[in-house]
Amino acid sequence: MYNPQKIERKWQKFWQAKKIYKSRGKGKKFYVLDMFPYPSGEGLHVGHPRGYIATDVVARFKMRRGFDVLHPMGWDAFGLPAENYALANKIHPKIAVNRNIKRFKEQMNKIGFTYDWDKEINTTDPEYYKWTQWIFLKMFERGLVYGSREPIIWCPSCKTGLALEDLEDGKCERCGSEVEKKPLRQWVLKMTAYAEKLLNDLKSLDWPQPIIDQQRNWIGKSEGATIKFVVRPDVKSGSRPKRRDSSKSVVGEAEVFTTRLDTIFGCTYLVVAPEHSLIENLKSNIKNYDAVQKYVNQAEKKTDLARTDLVKDKTGIELKGIKAVNPFNNEEVPIFVADYVLGSYGTGAVMAVPAHDERDWEFAKKYKLPIRMVICPNYPEPKCPALDKAYIDDGHVVDSQKFTGLTSQKARQEMVKWLEKNKLGGKKINYKMRDWVFARQRYWGEPFPLVFCENCKNEINQLKANSYKLKAKFTKGELLNPGWIQIPEKNLPVKLPEVKRYEPSGTGESPLANIKDWIITKCPKCNGHAHRETNTMPQWAGSNWYYIAYLMKKGRKYEWDKKEIKKWMPVDLYVGGVEHATRHLLYARFWYKFLYDIKAVFNKEPFQKLMNQGLILAEDGRKMSKRWKNVINPDDIVKNFGADTLRLYEMFMGPFVQSIAWSTDGLRGMKRFLDRVYKLKSKIKNQKSKLQLKNKKLEIFINQTIKKVTEDIESFKFNTAVSALMVLANELEKEPDINKGHYLTLVSLLSPFAPHFSEELWRELGGKNSIHLEKWPDYNSKLIHFDKFDLVVQINGKVRDKISVGKGISQKEAEEVVLNSDKIKQAIGLSKIKKIIFVPDRLINIVI
RNA sequence: GCCCGGGUGGUGGAAUGGUAUACACGAAGGACUUAAAAUCCUUUGGUCGCAAGGCUAUGUGGGUUCGACUCCCACCCCGGGCACCA
């Protein structure tokens, strides 16, 4: 029996001492990366290492195939989880984080990963976040950062603003609280400027299709047109003299966005969002302003999500006293305000075509508005069918003046041309994705490298006319955000000050706002009085670029090393959970694209190939959680069964992408397998040549196994790779004695999965070097196939017999053999043979 | 509603047009043992049969094919994502 406790520690120490994982600077580069964890107080459970084991298997495999492998690990230690943990346990986040990191590292080391700890990074290290701040400054400098007072999503429990991406089911993703809308001063990153690139370059990525789909969906591109509707006082209501077409009677304008310009002649009313400026501007024209205002106030309290969240019954109220004019036919249509129209998307106003839009249909039915059909499914039939619900597909345009008869697609093109010619609107592309709210009112994050200077603000405001002088003195970002001045690069990092009380204030100000002597500072531009920004960056800031940080690590410091970046980027294989599809993976791509534009990196995408690992559920089928008391700690598994057993089991338990429940019985089976392989050693008889000749079949089998394991690791089919090794072990067990070479091949193929076990056996059997530095076994393609095979004989597609014949047998020969077999003769009986299908080296099917 | 992914023994799963159920777990029986654990051997989709062997089975119903878990159509169920985005 082999004893993991005796050998694992020994080899881990040896590998670390010999630094066998270090990049050797030889061979083709292979950068394999895990999504780095945030070091929570709970430590790792057995679900976490699944991805780490997979990358470790791949890293060891690639090393042995001659690649120069980089496989680093670090800590995403800023942000709400770490801070909330620290608050709950009354410990300063820094102390808690360091303690947790120590624990995580110990747990990881017990599993025998290949991490090069010299490259370990920590997002909360000032040397690290110096560069997070640096990237932010570069974005600011180029005008990609703007301040906003827009109401943002606010979590009353975490006491901070959140990005749209931080919500789950409309609730705070961290604590599950209902969120509110709150006007707060915010920093926002212009991510929408990269929408098109983020969408387009998805094509170049070797990522799981569902993740690509999710990102595409999230970016939500739609192509359409804007149309300007002028607004006039309503004639019938008597608010103006009955003189039509007087341009003086125009009191406002509403621009709408539509993807269905072809339906414009079916527009019977307009709907604006409660935030729309028209309402405030035309206060005096709107007859029922009080009622409208009441509706608007009530709607504005809700977040976009609450407003768009499965509300079946749409509400709205007409703006009485004004009408909008459809520029295509000069028809006056009523204007409504309704909360289902969002101020933050498109133009905040829509044209309603109830005949061809489900929402408009529903709304028109409720408020008894006219429904006019202008798209016909069965053109050129003289009559369109009557509608009992909205017809939303394309068709032919009817009752649309000169556009009548065109297909929907053609009509959209012609109508856009008409709009552009008459300067009444034009082509427009919209994205669902919003700019990124990039500020948190919390302590435990990267401080912004910005100060506010009243002096400089005045200067910018006064000199506005003289743009030359301003452009020389201030950056694009500083002009965009008057008064906000960048801290010079040489003064980075702006360190997070030590505080005693770091609880969030709840007032919308960060706890940093209480540290007066930190806040008050001098303006780097004019040397006048200034104060620091007290918000901090969100958790995602540090993880946007950490894969570059590993390449920059020089001892304790970091250096933007373009040579290393050029060498290692992009990441060749990135492994992590599917939950990051629209957050980390989108943010990181955004930052990387920005870095590409400023020539700090040299390719367009950070992660070439992505793989998602499935969750490991608890034995009871639920998620592992403290709450259910069903968490399994890898330390216990390592102690009782060994790291190799844990590794092997996690790779064998099922397809890598699939979520799967833990089974301690299954785990035991893996230990049994290792024990059996260990015992096989005693069967070795070292009479190489004799045995090899005697057992050609085994030789072929081994070659097949090498091929299978090699291909399966390459394609992430670890479960079948392990099973192939088991089959080989089973075969060897059947032999009375085995040859050392064969046995060592098995050990060698097992080594990425069970590195300690394999190292031990390798050395016992005379291996001079570490097995992990040995060349990966090659297979002889001539020895993959045996010269005989079992020809499957089918009658009408049903297997009736198997006959052992020589490889490469011709159809004629095969037929002869088969038709002479008694079994087959009997099966055919008196029936006539209609047809014979022959698949070379596989089967023969007789159709009767 | 829309977009993905999936449905195969008692369980995790294997097979992507050519031998369905590899491999593992569990279970049953046996060997060893004073006994138990561990280990080893045998059996293990269902069904009929003493057996040889047959029939039947990959969510359901159709289709294509000499041949379908695999391809096509419709439906049911489970998981995930997006969701009044004009």
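Scanning segment A:726-751 for residues that are within 26 Å of A:Ser770 (Cβ to Cβ), in a helix (DSSP H, G or I) and in contact (Cβ under 8 Å) with a residue 40 or more places away in the chain yields A:Met726, A:Ala729, A:Leu732, A:Lys740, A:Gly741, A:His742, A:Tyr743, A:Thr745, A:Leu746, A:Val747, A:Leu749, A:Leu750. If the condition is being among the charged types (D, E, K, R), within 30 Å of A:Met670 (Cβ to Cβ) and either open to solvent by 50 Å² or more (accessible area, probe 1.4 Å) or within 11 Å of RNA strand B (Cβ to nearest atom) (or both), then segment A:747-806 contributes A:Arg763, A:Glu764, A:Lys768, A:Glu774, A:Lys775, A:Asp778.
Of all residues in segment A:378-406, how many are within 44 Å of the chain's Cα centre (by Cα), open to solvent by 60 Å² or more (accessible area, probe 1.4 Å) and within 14 Å of A:Asp262 (Cβ to Cβ)? Result for segment A:378-406: 3. Would you call A:Leu765 farther than 30 Å from A:Asp620 by Cα, touching a residue at least 40 places away in the same chain (Cβ under 8 Å) and not aromatic (Phe, Trp, Tyr)? It is true that A:Leu765 is farther than 30 Å from A:Asp620 by Cα, touching a residue at least 40 places away in the same chain (Cβ under 8 Å) and not aromatic (Phe, Trp, Tyr). Anything in segment A:393-405 that is within 23 Å of A:Lys228 (Cα to Cα) and without any contact (Cβ under 8 Å) to a residue 40 or more places away in the chain? List them, or say none. Once the filter is applied, which keeps residues that are within 23 Å of A:Lys228 (Cα to Cα) and without any contact (Cβ under 8 Å) to a residue 40 or more places away in the chain, segment A:393-405 yields A:Val398, A:Lys402, A:Thr404.
Looking at the structure I just gave you, is A:Ala411 part of a loop (DSSP other than H, G, I, E, B), within 16 Å of RNA strand B (Cβ to nearest atom), farther than 24 Å from A:Leu164 by Cα and within 40 Å of the chain's Cα centre (by Cα)? When the stated conditions are applied, A:Ala411 does not pass them. For segment A:517-532, the tally of residues that are open to solvent by 20 Å² or more (accessible area, probe 1.4 Å) and part of a strand (DSSP E or B) stands at 6. Can you tell me which residue within segment A:646-678, out of those that are of a type in the set (Val, Ile, Thr) and closer than 13 Å to A:Arg50 by Cα, is nearest to the chain's Cα centre (by Cα)? Only one residue fits best here, namely A:Val657. The residue pairs whose first member lies in segment A:370-383 and is within 18 Å of A:Phe403 (Cβ to Cβ), whose second member is loosely packed, with under 13 Cβ neighbours inside 10 Å and among the charged types (D, E, K, R), and whose beta carbons are closer than 9 Å, counting only pairs six or more residues apart or on different chains, are A:Ile375/A:Asp393; A:Cys376/A:Lys383; A:Pro377/A:Asp393.
Check whether at least one residue in segment A:20-38 is open to solvent by 50 Å² or more (accessible area, probe 1.4 Å) and among the β-branched types (Val, Ile, Thr), and report yes or no. Scanning segment A:20-38 turns up no residue that is open to solvent by 50 Å² or more (accessible area, probe 1.4 Å) and among the β-branched types (Val, Ile, Thr). The set of residues in segment A:582-608 that are at pLDDT 95 or above and of a type in the set (Lys, Arg) comprises A:Arg589, A:Lys593, A:Lys599, A:Lys604. Considering only segment A:808-828, state which residues are of a type outside the set (A, V, I, L, M, F, W, C) and either within 12 Å of RNA strand B (Cβ to nearest atom) or under 49 Å from the mean Cα position of the chain (by Cα) (or both). Selection gives A:Asp822, A:Lys823, A:Gln826. Restricting attention to segment A:380-408 and to residues that are among the β-branched types (Val, Ile, Thr) and in a loop (DSSP other than H, G, I, E, B), the residue that is modelled with the lowest pLDDT turns out to be A:Ile392. Note on segment A:444-470: among residues that are buried (at least 23 other Cβ atoms within 10 Å of the Cβ) and of a type in the set (A, V, I, L, M), the one that is nearest to the chain's Cα centre (by Cα) is A:Leu450.
Count of segment A:619-677 residues, restricted to those that are farther than 22 Å from A:His756 by Cβ, within 8 Å of RNA strand B (Cβ to nearest atom) and part of a loop (DSSP other than H, G, I, E, B), is 6. Candidates are the residues of segment A:679-699 that are at pLDDT 85 or above and in a helix (DSSP H, G or I); the one that is surrounded by the fewest Cβ atoms within 10 Å (Cβ to Cβ) is A:Ser682. All conditions but one from (1) over 25 Å from A:Lys708 (Cα atoms); (2) at pLDDT below 85; (3) among the hydrophobic types (A, V, I, L, M, F, W, C) apply to A:Ile784; the one that does not is (1).
Hand me the list of helices (runs of 4 or more DSSP H) wholly inside segment A:422-485 holding 3 or more residues that are touching a residue at least 40 places away in the same chain (Cβ under 8 Å) and more than 16 Å from RNA strand B (Cβ to nearest atom). Of the helices (runs of 4 or more DSSP H) lying wholly inside segment A:422-485, those with at least 3 residues that are touching a residue at least 40 places away in the same chain (Cβ under 8 Å) and more than 16 Å from RNA strand B (Cβ to nearest atom) span A:454-462, A:476-480. Applying the criterion of at least 1 residues that are open to solvent by 40 Å² or more (accessible area, probe 1.4 Å), at pLDDT 95 or above and farther than 30 Å from A:Lys26 by Cβ to the helices (runs of 4 or more DSSP H) found wholly in segment A:50-160 leaves A:93-111, A:126-141.
The values are calculated or read from the model by the stated rules, or taken from the named source; none is laboratory data. Quick caveat: nothing in here was measured; it's all calculated off a predicted structure. Methodologically, a virtual Cβ is constructed for each residue, glycine included, from the backbone with ideal geometry; neighbour enumeration extends over all protein chains shown. Note: areas computed on protein heavy atoms with side chains; ligands, DNA, RNA excluded. Shrake-Rupley method; radii C 1.70, N 1.55, O 1.52, S 1.80 Å.
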